[in-house]
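Structure record follows, encoded as structure tokens.
Any read-out appearing in this document is the output of simple, stated calculations on the displayed coordinates, not a laboratory observation. What you see is a predicted model, and the numbers here were worked out from it, not measured in a lab. So basically every Cβ, Gly included, is an ideal-geometry build from the backbone, and we count neighbours across all protein chains shown.
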Amino acid sequence: MKVAIVGANGQLGTDLVEEFSPAHEVIGLTHADIEITDIDSVKKILLSVKPDILINTAAYNKVPDAEMEPIKAFQINATGPLNLAKVCAEMGIRFLQYSTDYVFDGKKQRPYKEDDLPNPLNVYGNTKLSGEYFSLNYCDLSFVVRVSGIYGKVPSRSKGNNFITSILKAAKEKPEVKVVNDEVLTPTPTKWIAKNTLALVRTEAYGLYHMSCEGSVSWYEFAKTIWGELKIKTPLIPVSVNDFQHSVKRPFYSVLENHQLKSIGINKMPEWKKALVEFLKENKNYF
Ligand SMILES: NC(=O)c1ccc[n+]([C@@H]2O[C@H](COP(=O)([O-])OP(=O)(O)OC[C@H]3O[C@@H](n4cnc5c(N)ncnc54)[C@H](OP(=O)(O)O)[C@@H]3O)[C@@H](O)[C@H]2O)c1
């Protein structure tokens, strides 16, 4: 299988390239190679590479900034996947697009399945949801994979960090670190998303999938586990989302249930704490 990966030097893209490379021919595409908002750029690269499957990790990820730049966010998160899905459909290329837990409003307070009704609270979530519809409705051979609270050895390129790198930096630089205790989700390492994506694209079970670690945790409890594992001494203080001045609404609860992965028998996502401890051990030098 010849696999083209858009955003190959990003947080998720880096692990996808690593995971797919031993068994498949991988063409890693960076922003210098392709501009997903420009259909001519998409056509040109896909005509030259001719992959069997195209995986898109490119996104406008800065959730607060998207409120100020809704058109730019829509271009990258919705028009981008639309262009990719259209060209993939024309050329008979299979397509995989990543989406987010932020398509939900959090009111359910129980893990969200793929058939739960989305209701995004912010611009980022709305643009990603449009990207989902464009992917699924413009290319029949599409997978859409929703992920949540992702972290990898290469931090998000657009944000310049992930939750772990941010709080470790704060632990070094600040007298105390405040973390919200009332946003509950399932943080998930990109390595495990890459492994499960590989299993998914080896099937032909196209459609919408949730792909996060098992279990759920608040950001504060997640940070507390990191503090324990790395023996950090800086005081860690639980706070409420309401203690911060926020420019953007986020769901208080966005736990995803990997219902469809389980129903096709390929869910191999670990429990969040096991995955976190493994990540911290594997990336000791990086911190
Ligand atoms: N971060 C989270 O916690 C989270 C949660 C839920 C879902 N997700 C989703 O997970 C996916 C992967 O996120 P990530 O953290 O790996 O992102 P990332 O590290 O920011 O990587 C995105 C990559 O896409 C490239 N890119 C950006 N705009 C592009 C464009 N217009 N055309 C072509 N390439 C472009 C970037 O290159 P340049 O940097 O050079 O522009 C970068 O290589 C995204 O779909 C995101 O929405 C993330």
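Hey, fewest Cβ within 10 Å first, where do Val177, Val277 land in order?
Val277, Val177
Can you check what the net charge comes to around Lys249, using other residues whose Cβ is under 10 Å from the Cβ of Lys249 (Lys, Arg +1; Asp, Glu -1)?
My count for the surroundings of Lys249 gives -1.
So for the pair Ser247, Ala170, with labels modelled 7 Å out along Cα→Cβ, what separation do we get in nm?
It works out to 1.8 nm between the two label points.
Just Thr190, Thr14, Thr203 to compare: in a GNM of the chain, with alpha carbon springs under 10 Å, which one fluctuates most?
Comparing Thr190, Thr14, Thr203 in the GNM, the peak value goes to Thr203.
In straight Cα distance, which aspartates and glutamates are under 13 Å from Lys178, not counting same-chain residues fewer than 8 positions off?
Excluding near neighbours in sequence, the set is Glu221, Asp243.
So how strong a dipole does segment 2-286 carry about its Cα centre when Lys and Arg Cβ are +1 and Asp and Glu Cβ are -1, to the nearest 20 debye?
Computed charge dipole of segment 2-286: roughly 680 debye.
When the Kirkwood hydrodynamic radius is evaluated over all pairs of different C-alpha atoms of the chain, what value in angstrom, to one decimal, is obtained?
After inverting the pairwise mean of 1/r, the radius is 19.2 Å.
DSSP beta bridges in the chain, what fraction antiparallel, as a percent rounded to 5?
Here the share of antiparallel DSSP bridges comes out near 5 percent.
Tabulate in residue order the Karplus-calculated ³J(HN,Hα) for segment 26-43, using 6.51 cos²θ - 1.76 cosθ + 1.60 with θ = phi - 60°, rounded to whole Hz; enter x for Gly and Pro.
Listing the rounded values in order: 10, 10, x, 10, 9, 4, 5, 8, 8, 10, 5, 7, 10, 5, 5, 5, 4, 4 Hz.
Structure shown: which of Lys62/Lys113; Lys153/Lys231; Lys195/Lys281; Lys43/Lys281; Lys108/Lys233; Lys72/Lys268 lie over 30 Å apart, alpha-carbon to alpha-carbon?
Among Lys62/Lys113; Lys153/Lys231; Lys195/Lys281; Lys43/Lys281; Lys108/Lys233; Lys72/Lys268, the Cα-Cα distance tops 30 Å for Lys43/Lys281; Lys108/Lys233; Lys72/Lys268.
Please list 3J(HN,Hα) in residue order for segment 58-75, calculated via the Karplus relation 6.51 cos²θ - 1.76 cosθ + 1.60 where θ = phi - 60°; whole Hz, with x for glycine and proline.
Karplus-based 3J(HN,Hα) across segment 58-75 equals 5, 7, 8, 9, 7, 4, x, 5, 4, 5, 8, 10, x, 6, 4, 4, 5, 4 Hz.
Top mean-square fluctuation among Glu221, Glu229, Glu271, Gaussian network model of the chain, C-alpha springs under 10 Å?
The residue with the greatest mean-square fluctuation here is Glu229.
Any chance you could check the Cα centroid distance between segment 235-259 and segment 170-230 for me, in angstrom?
Rounded to whole Å, the Cα centres lie 13 Å apart.
Report the Cα centroid-to-centroid distance between segment 84-131 and segment 20-68 in angstrom, as an integer.
17
For Lys262, what is the net charge nearby, where nearby means another residue's Cβ is under 15 Å from its Cβ and Lys, Arg count +1, Asp, Glu -1?
That sum, taken over residues with Cβ under 15 Å, equals -2.
Once the other residues with Cβ under 12 Å from the Cβ of Val239 are scored (Lys, Arg +1; Asp, Glu -1), what is the net sum?
Here the count lands on -3.
Would you pull out the residues with amide H under 5 Å of Lys2's amide H, same chain only if 5 or more places away, H placed 1.01 Å from N?
Asp52, Ile53
Compute a Gaussian network model of the chain, connecting alpha carbons closer than 10 Å, and tell me which residue from Ile27, Ile76, Ile193 fluctuates the most.
Comparing Ile27, Ile76, Ile193 in the GNM, the peak value goes to Ile27.
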